[in-house]
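Here's the structure we're looking at; comments come further down.
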Amino acid sequence: MTYKVFGKKDWAETLKAVRASYRVFVPVREGDFHNFRPLEDETIPNFDFFNTRLSPKSIVYPQSERMFECLTDPESPEKGVLKESAKDYTLQAIVGVRPCDAQAFQIVKRNFDNPEYSDPWWVRRFESTILIGLGCNAPCPTCFCSSVGGGPFDEGRLDVLLYDLGDKYAARGLTERGGEFISKLQGGNPADGKVMKEASALAAAANEKITSRLPSDKLGQKSVTALFNAPFWEEAAFSCINCGTCTFLCPTCWCFDIQDEVCGKQVDRIRNWDTCMSSLFTLEGSGHNPREKKFQRVRQRFMHKLKYYPDKFKNGVQCSGCGRCVRYCPVNIDIRQVAGLMNECEEK
Amino acid sequence: MRNPYLPYPVRIDEIITETEDKNLKTFKFVFMNPEDEKGFSYTPGQFAELSIAGKGEIPIGIASSPTEKGFVKFTVNKVGAVTGHLHYMSAGDTMGIRGPLGNWYPWEEMEGKNVVIIGGGFAFTTLRSSIIYMLHPDNRPRFRDITVVYGARTPGMLLYKDELAAWEKRDDIKMHITVDGTSDPEWKYNIGFVPAVTEKKITSAENAIAIVCGPPVMIRFTQPVLEKLGFPPERIILSLEMRMKCGIGKCGRCNIGEKYVCKDGPVFSLAQLKQLPPEY
């Protein structure tokens, strides 16, 4: 596979040149944080970050997306008949995606792309996206990717893995599409043995730096009703203010709402990210609400990620260990702690 | 593959006001593209999303039977934005339906068995579909005795009154219609709540399967009656409701544990539900 080294000095220009073939997204500093933004002429990419504040999920799965549209012209025989909205599936590259966020796409894929039903928009946009990962030389104390099937230099879900070697990046192609991306980058030199050794050492050192874990080894054997009825939920949820920051930032949360918007004669059917932290999420027309209480909604979030999803897909938890929900929760609810409670819960 | 979120365009062919409070209407839809009727091939117990551009979608059980050709029927209670608007639409108006969605009553398992149907209020819609389906000459020999307990608050709140009267006259289906109360001196059927009438009229669980569809309070009090009669949880079949959006197990809101009511349901046996968190 392609393995090349690029100097950091020209890195931004190197990426800009590849825009002829890809729509490129890069991390950009915005105030105290980083977020992924489309690479424009005036964009200043900044790869000096732990992770972006928002996950890159919106690049594949927009926060709001037009599904269908129509005109409500009373004269038209097609009045009220929805037609699929035009979509843009330009080949896109997310440069600098962390391995945890790349893994998150695979976790979400099991929901949107399975033999029963396939979500045409998510699937097609994911297929038009290549993931140019950036290994984590210095993981945060809130990172726990290595206990949920990933790692700071995990290659499994990437097309290219970049190693930050101080004054240069080593770019290792992991898939055919990744190799193609590297070959389209101008300049650069083939990686020699020294670089490769340096890169592997970096990865090994980073792995050791992750000490925080999400305990989940005993969850599989526990009955779903025992976990559901466990005594700790009200206490675990006590401080929650149902703000939805966790679900909004989570790269593996996929729930959505569908709403119709009307502007003059134009009707748009739009899907928007939704959150199970809101009581409206499950409020029924009759007034009945299966998850009326806050603790029920908090329980739903953790049960979904750590029990329902693993039981359903038999492929690990619905969490990639990015730690955003831990870092940004305004009341310090910590998924690692709740997972611990669940994992140690006594069956009655 | 067809986009699973895209509704089939339909025209409202007929609207029937079902109940005295005028809050329940039956809508008969005809597909605008005749080939879509084949695409919308359903089994009794399934539901669909009724779609009104500019208002939204609403999941409703299919009230017609696949043995009735050329149209599909839904009986809709007026509650929110979509159903409220639907109640003001007229025959000839166009809208959409998306489906069929979800699973169905366990027809294969019901073959050769006595079928007990217990319904309350406006949840009788997919039960109507089932009765029409079973009474079709092609299907009737597949089932043994068919017994129906159906209750509403008052005689005027019963759905499908003409059909109920016609079924009363048949000898291949046993009807037990009941109302909570009535001031009508001519009322010739039962008075009493569904669980009490069930207890009185259903005498045996032998080789029988029960389908129960109704408001939560009716289900709560009917369940022990059936269990006392000897129905095991595997042969008590329930159809659930939940707030839904996508209808295909993607949007995440109608889960009970790892199951989605829209995709893995809405039909569950009591035995299945006992394995799941009681969150519905």
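Taken together, the values in this text are just the output of simple stated rules run on the coordinates, not laboratory data. Everything numeric here is computed off the predicted structure, so don't read it as measured data. Reconstructed Cβ throughout: ideal geometry from the backbone, glycine too, with neighbour counts over all protein chains shown.
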Quiz prompt | Among residues of segment A:59-105, those that are surrounded by fewer than 24 Cβ atoms within 10 Å (Cβ to Cβ), under 16 Å from the mean Cα position of the chain (by Cα) and part of a loop (DSSP other than H, G, I, E, B), counted | solution = 3
Quiz prompt | Tally of residues being touching a residue at least 60 places away in the same chain (Cβ under 8 Å) and on the phi > 0 side of the Ramachandran plot across segment B:191-213 | solution = 1
Practice problem: Only residues that are of a type in the set (D, E, K, R), free of Cβ contacts under 8 Å to residues at least 40 places away in the same chain and surrounded by 16 or more Cβ atoms within 10 Å (Cβ to Cβ): list them for segment A:1-28, please. | Solution: A:LYS16
Self-check item: Qualifying positions in segment B:249-277 - within 18 Å of A:PRO310 (Cβ to Cβ) and touching a Ser or Thr at 6+ places or on another chain (Cβ under 7 Å)
Solution: B:PRO277
Quiz prompt | Within segment B:87-116, tally of residues that are in contact (Cβ under 8 Å) with a residue 24 or more places away in the chain and more than 14 Å from chain A (Cβ to nearest Cβ) | solution = 13
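Residue-wise test of (1) assigned to a helix (DSSP H, G or I); (2) more than 24 Å from B:ASN77 (Cα to Cα).
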| position | (1), (2) |
| --- | --- |
| B:GLU163 | yes, no |
| B:GLU168 | yes, yes |
| B:THR178 | no, no |
| B:SER183 | no, yes |
| B:LYS188 | no, yes |
| B:THR203 | no, yes |
Exercise. For segment B:229-245, enumerate the residues that are of a type outside the set (Phe, Trp, Tyr) and either free of Cβ contacts under 8 Å to residues at least 24 places away in the same chain or in contact with a strand residue (DSSP E or B) (Cβ under 7 Å, 6 or more places away or on another chain) (or both).
Key: B:PRO233, B:GLU234, B:ARG235, B:ILE236, B:ILE237, B:LEU238, B:SER239, B:LEU240, B:ARG243, B:MET244, B:LYS245
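This table checks each residue for (1) among the basic types (Lys, Arg); (2) under 19 Å from the mean Cα position of the chain (by Cα).
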site: A:MET1; (1), (2): no, no
site: A:LYS9; (1), (2): yes, no
site: A:LEU15; (1), (2): no, no
site: A:ARG23; (1), (2): yes, yes
site: A:PRO27; (1), (2): no, yes
site: A:GLY31; (1), (2): no, no
site: A:ASN35; (1), (2): no, yes
site: A:LEU39; (1), (2): no, no
site: A:THR43; (1), (2): no, no
Exercise. Could you list all residues from segment A:31-44 that are surrounded by 13 or more Cβ atoms within 10 Å (Cβ to Cβ) and in contact with a Lys or Arg (Cβ under 8 Å, 6 or more places away or on another chain)?
Key: A:PHE33, A:HIS34, A:ASN35, A:PRO38, A:LEU39, A:THR43
Quiz item: List the pairs whose first member sits in segment A:255-267 and is in contact (Cβ under 8 Å) with a residue 24 or more places away in the chain, whose second member is surrounded by 15 or more Cβ atoms within 10 Å (Cβ to Cβ) and aliphatic (A, V, I, L, M), and whose Cβ atoms are under 7 Å apart, counting only residues at least 6 apart or on separate chains?
Solution: A:LYS265/A:LEU71; A:GLN266/A:LEU71; A:VAL267/B:ALA53
Self-check item: Single residue of B:ILE131, B:ILE117 found to be assigned to a strand (DSSP E or B), under 14 Å from the mean Cα position of the chain (by Cα) and farther than 30 Å from B:ALA53 by Cβ
Solution: B:ILE117
Quiz prompt | Tally, over segment B:174-226, of residues that are of a type in the set (A, V, I, L, M), more than 25 Å from B:ARG142 (Cβ to Cβ) and in contact with a Lys or Arg (Cβ under 7 Å, 6 or more places away or on another chain) | solution = 1
Quiz item: For segment B:239-251, what are the residues that are over 20 Å from B:VAL82 (Cβ atoms) and facing chain A (nearest Cβ under 7 Å)?
Solution: B:GLY249
Quiz item: With respect to B:LYS25, is the statement that it is closer than 23 Å to A:GLN266 by Cα, buried (at least 19 other Cβ atoms within 10 Å of the Cβ), charged (D, E, K, R) and in contact with a helix residue (DSSP H, G or I) (Cβ under 9 Å, 6 or more places away or on another chain) true?
Solution: no
Quiz prompt | Whichever residue in segment A:73-108 is more than 14 Å from chain B (Cβ to nearest Cβ) and among the polar types (S, T, N, Q) and, among such residues, is nearest to A:LEU15 (Cα to Cα) | solution = A:GLN92
Quiz item: Got a number for residues in segment B:208-267 being assigned to a helix (DSSP H, G or I) and surrounded by fewer than 21 Cβ atoms within 10 Å (Cβ to Cβ)?
Solution: 12
Quiz item: Could we say that B:VAL149 is outside any helix (DSSP H, G or I), of a type in the set (A, V, I, L, M) and within 19 Å of the chain's Cα centre (by Cα) here?
Solution: yes
Exercise. Filter segment B:263-278 down to residues that are at the interface with chain A (Cβ under 10 Å from one of its Cβ atoms) and in contact (Cβ under 8 Å) with a residue 60 or more places away in the chain, then give me how many there are.
Key: 2
Self-check item: Among (1) closer than 15 Å to B:ILE117 by Cβ; (2) in contact with a strand residue (DSSP E or B) (Cβ under 9 Å, 6 or more places away or on another chain) - the single one B:GLU163 does not satisfy
Solution: (2)
Quiz item: For segment A:228-338, which fully contained helices (runs of 4 or more DSSP H) count at least 2 residues that are surrounded by fewer than 19 Cβ atoms within 10 Å (Cβ to Cβ) and at the interface with chain B (Cβ under 10 Å from one of its Cβ atoms)?
Solution: A:309-313
